[in-house]
Amino acid sequence: MERTPLNQRTNEGGAMTHHSHQVLALIEDPDFTVLDDHFNRFNPFKILQVDNYEIRHSNVLGWLMDPAGNHNLGPYFAKKIITKVFTNPANTDDEDKLSNYDVLEISSHPYHDLTVFKELQTSNRKRIDLLAVSAFHKTVLLIENKYWSGESEGQLEEYIEYARSVYGGYKIIPVFLTLQDEEPTHEDYLMLGYSDVLAILQQLLETRKEYMNAHIHNFISYYTDILEDQLVENEKLNATGMDLYRNHKEAVDLLHLLRQGPGDGDDLLISTYRRHLETINFIKSVGDSFLKEAFLKFARKRKWPEHLYTAHFRVPHFLEKTWFEQYKDSDLRKNWWMNRGLIAWFERAGDRLKLRVEVGPLEHELRVRLLRGLAARGLDIKEQAYEESSQYTRIYMDAEAPESWEDVSELARVMERLYEKEAFQSLLRLTNEAVVMGEEGVQNRTADGTPIEQAFRQLLEVKDISNYQIHHRLPNFVESEWTRFPAGYDLTEKYWLGYPLIAWFRLKNSALRLIIEVGPLPTGKRNHFLLRLEEEGVPVRALAYEEGRKYTRIFSRAISVGNIEDADELRNAMIQLMDSTEYGDIRDRIRRTIGAL
């Protein structure tokens, strides 16, 4: 859309004077001064304009990780990074993620010999952001850093293959570091957020101030300040920005439009915008959020009372009436969202809009009661979630890609579809029951076990399966041909049903997944079997051949389930997965591989 130049607008009823007064009223508002001072505070990273460049963050992190760096912190930061990786809920919630690591042993190494490489070039001329190597402890920490950027196809697997080829026999820890806790496409990568980095640095600044060089302390403080701008919600600033937009909407919109470039005669306005660029952009983002407006439209259509939702500009969130009524502020260990035991929210993740539900930091007894109630009703709750140190447990996620991120009606429709999905409505019913009754009432409701247990029993009636375990969360089985391994392929430890291969069903969110895994065989036999599988056309990830590896998934397929409470629907989904061409194909490849051993 073309803008009318200011000199032309001046001749149209005195528009120039009108706009000048509006802009002047905005920048002279005391609240604007507060925001402007905040965003224009001294910070060398901002002055050098390196705060949004991924490679600059990699440089800072690489410097901090180097135990020989002139920060004189030794291996402190590198050890904390490793610990954060192994305690990140995104990794601990999936027990298979960490099953191949002795996390206590790896975390306890001193790492004084760590060598850090930045932008290390692979044979295909791609560059690994950070690679930290300890020759003494035979450990490689591979970090792919994504600061406001996305993956390139195949890069994650290539980086692991490179590390394996150069550092044979080393324990490789691949890490996917992102600003918004995005999930990697490669299942071997462990997740780490910049929020974890921020927490490490904040602790460092607080506990080691007396022992740190003042210049080093200042430098890290400035870097921490940059991360806080991106990660820490300052509700006071948000409220100030929204008030300013409400009171000076026309002036903010006019100035913000200039980000597209100046028009004829716009010199004064463009210089005003550039002088206050970050402040204007912030006011616009919090005051005129498409996501916020879409959520308000969605919430008002549902006629929710205002105390049950918050139309946040980035993560609009809401409560069920039952959650609000059953929990109170004092039931929590710390302040959290709307200060109830659960929360649901929408957020943008790449090109998708996500709907998530999370159990929060309730007092331990209340939290365990709720989690056990959810597990008794068939939800996939990991054992780690019951530990006293655990505070947050995600219990649901679904996502859909809107056609446009600037169409309020389209975003509201996507929210409506995600909310109305049968799987989400089923989750709400089960959650409300668990909040009120805990584990009580479950026996009357599911006398034959959880829905996935019932479904698996029904599956056994129509499928020829002799080796199986009916489990309340992960029903599992072994196909008959998987029991015919030759001598020498004996398990090195207790494993599921006692065979080198296992298949199991897992119900998570609104999907039922069928997984096949190779278990703990002697290293030579295991790698020989995996190599033969590859020769048969079964994809095997590079990290599977690492010495000491015990578990490798070789198949994973999922299909959507409408009602997670319906055992019949789950049984049909199980049958569909087992009757699929993909499953039949891998069974044939496994059978030929075992026969050729």
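Observations, loosely collected:
- Filter pass, Thr87 being closer than 29 Å to Ala349 by Cβ, within 17 Å of the chain's Cα centre (by Cα) and open to solvent by 60 Å² or more (accessible area, probe 1.4 Å): yes
- Scanning segment 556-577 for residues that are open to solvent by less than 40 Å² (accessible area, probe 1.4 Å) and under 26 Å from Tyr159 (Cβ atoms) turns up just one, Ser556.
- For segment 109-120, the criterion of being of a type in the set (Val, Ile, Thr), buried (at least 18 other Cβ atoms within 10 Å of the Cβ) and modelled with pLDDT of 95 or more is satisfied by at least one residue.
- Near pairs, Cβ below 7 angstrom, 6+ apart or cross-chain, from segment 169-190 (free of Cβ contacts under 8 Å to residues at least 60 places away in the same chain and among the hydrophobic types (A, V, I, L, M, F, W, C)) to any residue that is assigned to a loop (DSSP other than H, G, I, E, B) and open to solvent by less than 10 Å² (accessible area, probe 1.4 Å): Phe176/Tyr189; Leu179/Tyr147
- Taking every residue in segment 324-347 that is under 17 Å from Pro305 (Cβ atoms) and pairing it with any residue that is surrounded by fewer than 18 Cβ atoms within 10 Å (Cβ to Cβ) and basic (Lys, Arg), at least 6 positions away or on another chain, the pairs with Cβ-Cβ distances below 9 Å are Asn339/Lys328; Arg340/Lys328.
- Matching residues in segment 47-63 - criterion: being open to solvent by less than 10 Å² (accessible area, probe 1.4 Å) and either farther than 16 Å from Leu201 by Cα or in contact with a Leu (Cβ under 7 Å, 6 or more places away or on another chain) (or both): Ser58, Leu61, Gly62
- For segment 464-496, a residue qualifies if it is of a type in the set (A, V, I, L, M), open to solvent by less than 50 Å² (accessible area, probe 1.4 Å) and farther than 26 Å from Lys382 by Cα, and exactly one does: Ile465.
- Residues within segment 578-596 that are part of a helix (DSSP H, G or I), open to solvent by less than 40 Å² (accessible area, probe 1.4 Å) and touching a residue at least 12 places away in the same chain (Cβ under 8 Å), tallied: 6
- Test set (1) outside any loop (DSSP other than H, G, I, E, B); (2) out of contact with any Gly (no Cβ under 8 Å at 6 or more places or on another chain) - Ile452 fails condition number: (2)
- Across segment 341-362, the number of residues qualifying as at negative phi and assigned to a loop (DSSP other than H, G, I, E, B) comes to 4.
- Neighbours by Cβ (under 6 Å, 6+ apart or cross-chain): first from segment 203-232, under 28 Å from Ser285 (Cβ atoms) and among the aliphatic types (A, V, I, L, M); second modelled with pLDDT under 95 and outside any helix (DSSP H, G or I): Ile226/Asp51
- Residue selected from segment 324-363 under the condition over 24 Å from the mean Cα position of the chain (by Cα) and not polar (S, T, N, Q), by the criterion surrounded by the most Cβ atoms within 10 Å (Cβ to Cβ): Tyr327
- Scan of segment 521-534 for residues that are closer than 19 Å to Glu479 by Cβ and either touching a residue at least 40 places away in the same chain (Cβ under 8 Å) or under 29 Å from the mean Cα position of the chain (by Cα) (or both), ordered by number: Phe529, Arg532, Leu533
- Number of positions in segment 127-179 that are over 23 Å from Thr92 (Cβ atoms) and β-branched (Val, Ile, Thr): 3
- Just so you know, in segment 535-555 the residues that are surrounded by 15 or more Cβ atoms within 10 Å (Cβ to Cβ) and part of a helix (DSSP H, G or I) include one that is nearest to the chain's Cα centre (by Cα), and it is Leu543.
- Selected residue [touching a His at 6+ places or on another chain (Cβ under 6 Å) and either open to solvent by 70 Å² or more (accessible area, probe 1.4 Å) or in a helix (DSSP H, G or I) (or both)] from Glu439, Glu388, Glu410, Glu461: Glu388
- Criterion: open to solvent by 30 Å² or more (accessible area, probe 1.4 Å) and closer than 20 Å to Lys321 by Cα - qualifying residue of Leu427, Leu366: Leu366
The values are calculated or read from the model by the stated rules, or taken from the named source; none is laboratory data. On a predicted model such as this, the values are computed, not experimentally measured, just so you know. Virtual Cβ from ideal backbone geometry, glycine too; neighbours counted across all protein chains shown. The protein model used for the area step is the full one, side chains on, heavy atoms only, and it has no ligands, DNA or RNA in it. Shrake-Rupley method; radii C 1.70, N 1.55, O 1.52, S 1.80 Å.
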